[in-house]
Amino acid sequence: MSRIGKLPITIPTGVTVSVSDDNVVTVKGALGELTQKIDTDIEVSIEDNVINVKRGDESKRQKSMHGLYRSLINNMVVGVTKGYEIKLELVGVGYRAELMPGNVLDLVLGFAHHTYMQLPPEVKVEAKSDKRSNPIVTLKSIDKQLIGQVAAKIRSFRKPEPYKGKGIKFVGEVLRRKAGKAAAK
């Protein structure tokens, strides 16, 4: 058995989980509602506020799907109860972030132009710039996949470089730094 797939998921109070006939799991909670289509070989059962994910046989494909769908369902349950938050830090002189009307993020990243990104309506953004500290962009959502994808896209505009660490990085991320020219002598 898959070590992750066999773990039961407890349903917290205030959350309703339903499985339709065409294997679509719907999770409703205080923060919103999420749905996920499940592979037909994977069986999802709900008994006594516990969700169990089972597979049909021991084929390699079903073993890999077993843990995947259990994790996806667990992420949905956590998302509608607590939500997810990712913080990005803009490191560099003159780097700024500003939220514009229409859920558009305006980034100044040292290029000759501004970088604009249209964000999905499911993702809430907060851009905070204090004096003498790096700007912080906070992303909040109930969908873990979506918020991770948006954060990766924002980071891809200017990845941190290894010499001074300038760029967009996750808060708490440890960068591998290089010594530079002076170390060669």
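Here are a few things to note about the model shown:
- Every pair of residues 6+ apart whose Cβ atoms lie under 8 Å, when the first sits in segment 55-83 and is under 15 Å from Ser18 (Cα atoms) while the second is small (Gly, Ala, Ser) and modelled with pLDDT of 90 or more: Val77/Gly29; Val80/Gly29; Val80/Ala30; Val80/Gly32
- Whichever residue in segment 133-167 is of a type in the set (A, V, I, L, M, F, W, C) and in a loop (DSSP other than H, G, I, E, B) and, among such residues, is surrounded by the fewest Cβ atoms within 10 Å (Cβ to Cβ): Phe157
- Looking across segment 9-38 at every residue that is touching a helix residue (DSSP H, G or I) at 6+ places or on another chain (Cβ under 6 Å) and open to solvent by 30 Å² or more (accessible area, probe 1.4 Å), the one that is farthest from Leu68 (Cα to Cα) is identified as Leu31.
- Residue ranges of strands (runs of 3 or more DSSP E) in segment 1-89 with at least 1 members over 18 Å from the mean Cα position of the chain (by Cα), of a type in the set (Lys, Arg) and at negative phi: 24-28, 33-37, 50-55
- Complete set of residues in segment 111-132 that are loosely packed, with under 14 Cβ neighbours inside 10 Å, of a type outside the set (A, V, I, L, M) and either touching a residue at least 24 places away in the same chain (Cβ under 8 Å) or in a loop (DSSP other than H, G, I, E, B) (or both): Phe111, His113, His114, Pro120, Pro121, Glu126, Asp130, Lys131, Arg132
The values are calculated or read from the model by the stated rules, or taken from the named source; none is laboratory data. It should be emphasised that the depicted structure is a prediction, and the values quoted were computed from it without experimental measurement. Quick reminder, even Gly has a Cβ in these numbers, built from the backbone with ideal geometry, and neighbours come from all protein chains shown. Heads up: the accessible areas ignore ligands, DNA and RNA and are worked out on the full protein's heavy atoms, side chains in. Shrake-Rupley method; radii C 1.70, N 1.55, O 1.52, S 1.80 Å.
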